[in-house]
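Reading through the structure tokens given below for one structure.
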Amino acid sequence: MVLDRSGEVPISRQLATIIRNRILSGDLPAGRPVPSKRTLREEHGVAGSTVDKAMAILKAEGLIRPAKGLGLFVVPEDERPTS
């Protein structure tokens, strides 16, 4: 998925969708780290604040969580909220 910079959906939400799809497809498996902010910035050509907003969306959805001092990790499927 390519970011649509002229669309109505905020870039941060589009980035969250890309990462969500990678998690749900297994491309980013449970227990593995999410790519770093720097990596995501470089891959998608976005600002760090955009990456932060996308990560906040995924945290709120229960798909990722922080590990103190280690970064963000994909939450195992059986620990994710159901809805």
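The values are calculated or read from the model by the stated rules, or taken from the named source; none is laboratory data. Predicted model, so just to flag it, every value in this text is computed and none were measured. With ideal geometry, Cβ positions are generated from the backbone for all residues, glycine too; neighbour counts draw on all protein chains shown.
Among the residues making up region 26-43, a single one is more than 13 Å from LEU72 (Cα to Cα) and either small (Gly, Ala, Ser) or buried (at least 18 other Cβ atoms within 10 Å of the Cβ) (or both): GLY26. Checked against the criterion of being more than 20 Å from GLY71 (Cβ to Cβ) and surrounded by 15 or more Cβ atoms within 10 Å (Cβ to Cβ), the candidates ILE18, ILE11 yield just one match: ILE11.
Is it true that LEU40 is modelled with pLDDT of 95 or more and not in a helix (DSSP H, G or I)? Judged against the criteria, LEU40 is not a match. Within region 68-77, the set of residues being in a loop (DSSP other than H, G, I, E, B) and surrounded by 13 or more Cβ atoms within 10 Å (Cβ to Cβ) comprises VAL75 only.
Can you name the residue in region 52-67 that is out of contact with any strand residue (DSSP E or B) (no Cβ under 9 Å at 6 or more places or on another chain), farther than 14 Å from GLU79 by Cα and touching a residue at least 12 places away in the same chain (Cβ under 8 Å) and is also surrounded by the fewest Cβ atoms within 10 Å (Cβ to Cβ) among such residues? It comes out as ASP52.
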